[in-house]
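Taking it in order: structure first as structure tokens, then the write-up.
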Amino acid sequence: MIARLLLALLLLLGLAAPARADDISTAGRGVVRVVTIASTDGEIVGFGHGSGFAIAPNRIVTNAHVVELAARYPDNVVIGVVPSEGDKSFRGRLIAYDPKRDLALIEFSGAALPPLTLYPGPVNDGETVVALGYPGNVDLATAQSAADFIKPLSPVRSQGGYAGRRRLTSVEVLLHTAGIARGNSGGPLLDQCGRVIGVNSAITRAEEGDSTFGFAIADTEFAAFLREAGQAYASTGADCVSVDDRLKQDEAAAAARAEQLADADAKAASAAAAKRDAAIETMRERQLWLRENFIGAATLLLVLGASLAGWGALRGSQGRPARGWVVGGGVLVIAALLTFFLRPTGTVTLPSIAAATPAEQRLMAGKLLCRPVPARSRINLTVPRDMPLEWRGDGCVNGRTQYVENGRKWERLLVPQGEQTVSLLDYRPELGIYTENRYYLGAREMARARKLREAMTLKACTRDPAQLNELAQAQDAIRAILPARPDEWVSYDCTPAG
């Protein structure tokens, strides 16, 4: 009976509160409440809860003390994983437990959560940090029954300042002033871009007006725990840059690239002009050389012809045979005249020289290798890598995925089933720039996007105008529900492979 009650509680339906569209809300979709229910001889004897967050689609990190009873009495304690949104809760299984570091790893099945990314980079004193979780004092004020603890609900955020690193019972921790309480244990401490810098674990006691500080297990301890548990995780050292700041940087980078292309075109035009000038000078020199040689040859032929004709005339006056000499001399004189009148005029006629092709008219197609360009990207939660791409002029990618032409770009929308991300991919073949724009949507928005995705029936490349129009209309319908700006984007420069 108790087992049935526990399973019923864990599978109870609920509604998710809408989250704000920012980096912290994006990270919040991977934050969960961790519930423990202990029973003995058919009776519930203990109930506890804390916070946790996804490090993989089906694995959760929390504090060891949150699931201590489950570690000690695995047959008598049920672990529940309650996502921040959706309509179900799930039963978890403890797979790694480190009481010294106060960390634990829980596995569950039935859903795929968006994993959070670790930021191992430096954090400056006073820098803004954010705690996400389920503080117990808020629950006590709002919960009406035990069932309310297993309804999907967005986590509570609190903001404070980073106050340095300390040692707490030989474990490295981060000291901060973000407001946390019992129940926040196991929840993430985030930077302003939603990357995990620590795992909230404890608070100082506030006595006689003393300020309260929070302790979070440091990123170094967290990463070591995951490595020892054999758990892969995402990590990025990219600087935290807001969307607005990154867009400004992108505009500056685009302007710089346009200037670079214009400069390249100017240099190409200058090189072509220099090549033409050199060709003109070479041809002129050759023409002058030929003209002088023609005149010299004509002069020589004229002298020889006149000499032969004169010699023939002299022989004729002496009664000797002279006709051949006179005729030969006449031929040479005629040849001299022809050589003189056919001499080069000095006018230069150049062969055609192909004009330099502007950079924006050179299409980058065929088998390509696309490399991420951090200066044009906003990368918070992913680690982009080099990407092979085979582009065909009609928008066919890798021989199987059809893109739709939209102005100077070719675009394709992807709505995967296993994650809460919609990706808008676009390619500009005249620049060789490929961009992946990622929108991290809530469960409700993802369900709507997946329903619209069903209208995209095209599964292969095509040149059929009717099918291309149908694909474009389906993509426009999905685009209409997306936020005005993506949460992340990765820009790639593509060059011929090899």
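Remarks
- Residue in region 426-445 that is among the hydrophobic types (A, V, I, L, M, F, W, C), within 27 Å of Cys240 (Cβ to Cβ), outside any strand (DSSP E or B) and open to solvent by 60 Å² or more (accessible area, probe 1.4 Å) present: no
- Scope region 285-299; condition free of Cβ contacts under 8 Å to residues at least 24 places away in the same chain and over 60 Å from the mean Cα position of the chain (by Cα); matching residues: Trp289, Glu292, Asn293, Gly296
- Taking the criterion of being surrounded by fewer than 17 Cβ atoms within 10 Å (Cβ to Cβ), part of a strand (DSSP E or B) and modelled with pLDDT of 95 or more, no residue of region 201-246 qualifies.
- Just one of the listed residues (Tyr439, Tyr403, Tyr434) is modelled with pLDDT of 90 or more, aromatic (Phe, Trp, Tyr), on the phi < 0 side of the Ramachandran plot and touching a Pro at 6+ places or on another chain (Cβ under 6 Å), namely Tyr439.
- Number of positions in region 73-85 that are in contact (Cβ under 8 Å) with a residue 60 or more places away in the chain and open to solvent by 10 Å² or more (accessible area, probe 1.4 Å): 2
- So Thr495, is it modelled with pLDDT of 90 or more, exposed (fewer than 14 other Cβ atoms within 10 Å of the Cβ), out of contact with any Pro (no Cβ under 9 Å at 6 or more places or on another chain) and within 30 Å of Gln249 (Cβ to Cβ): yes
- Scanning region 476-488 for residues that are surrounded by 16 or more Cβ atoms within 10 Å (Cβ to Cβ) and modelled with pLDDT under 90 gives Pro486, Asp487, Glu488.
- Residue under evaluation Arg166, criteria (1) farther than 29 Å from Gly418 by Cβ; (2) crowded, with 16+ Cβ neighbours inside 10 Å; (3) touching a residue at least 24 places away in the same chain (Cβ under 8 Å), criterion not met: (2)
- Residues in region 89-130 that are part of a loop (DSSP other than H, G, I, E, B) and over 33 Å from the mean Cα position of the chain (by Cα): Pro99, Lys100, Arg101, Asp102.
- Residues of region 179-198 classified as closer than 23 Å to Ala141 by Cα and buried (at least 24 other Cβ atoms within 10 Å of the Cβ), total: 7
- Filtering Ala131, Ala112 for residues that are within 29 Å of Ala447 (Cα to Cα), touching an Asp or Glu at 6+ places or on another chain (Cβ under 8 Å) and in contact (Cβ under 8 Å) with a residue 60 or more places away in the chain leaves a single hit, Ala112.
- Where a residue in region 307-327 is modelled with pLDDT under 75 and open to solvent by less than 60 Å² (accessible area, probe 1.4 Å) and its partner, wherever it lies, is in a helix (DSSP H, G or I) and among the charged types (D, E, K, R), with Cβ under 7 Å and at least six apart: Ala322/Arg315
- Any hit, region 404-418, residues being within 21 Å of Ala477 (Cβ to Cβ), touching a Leu at 6+ places or on another chain (Cβ under 7 Å), touching a residue at least 24 places away in the same chain (Cβ under 8 Å) and open to solvent by less than 10 Å² (accessible area, probe 1.4 Å): yes
- Odd one out for Ser154, checked against (1) surrounded by fewer than 16 Cβ atoms within 10 Å (Cβ to Cβ); (2) under 30 Å from the mean Cα position of the chain (by Cα); (3) polar (S, T, N, Q); (4) within 29 Å of Ile37 (Cα to Cα): (1)
- The single condition among (1) surrounded by 18 or more Cβ atoms within 10 Å (Cβ to Cβ); (2) closer than 16 Å to Gln475 by Cβ that Thr462 does not satisfy is (1).
- Counted residues, region 86-103 - those being in contact (Cβ under 8 Å) with a residue 60 or more places away in the chain and either within 17 Å of Gly133 (Cβ to Cβ) or among the β-branched types (Val, Ile, Thr) (or both): 4
- Here Val123 meets each of (1) surrounded by fewer than 24 Cβ atoms within 10 Å (Cβ to Cβ); (2) closer than 13 Å to Gly50 by Cα with one exception, condition (2).
- If the condition is being over 17 Å from Arg392 (Cα atoms) and either open to solvent by less than 50 Å² (accessible area, probe 1.4 Å) or aliphatic (A, V, I, L, M) (or both), then region 465-475 contributes Ala466, Leu471, Ala472, Ala474, Gln475.
- Of the criteria (1) more than 30 Å from Ala447 (Cβ to Cβ); (2) open to solvent by less than 40 Å² (accessible area, probe 1.4 Å); (3) in contact with a Gly (Cβ under 8 Å, 6 or more places away or on another chain), which one Leu69 fails: (2)
The values are calculated or read from the model by the stated rules, or taken from the named source; none is laboratory data. In this text, all values refer to a predicted model and were calculated from it rather than measured experimentally. Please note: Cβ atoms are built from the backbone with ideal geometry, for glycine as well, and neighbour counts cover all protein chains shown. Just the protein is used for accessible areas: all its heavy atoms, side chains included, with ligands, DNA and RNA removed. Shrake-Rupley method; radii C 1.70, N 1.55, O 1.52, S 1.80 Å.
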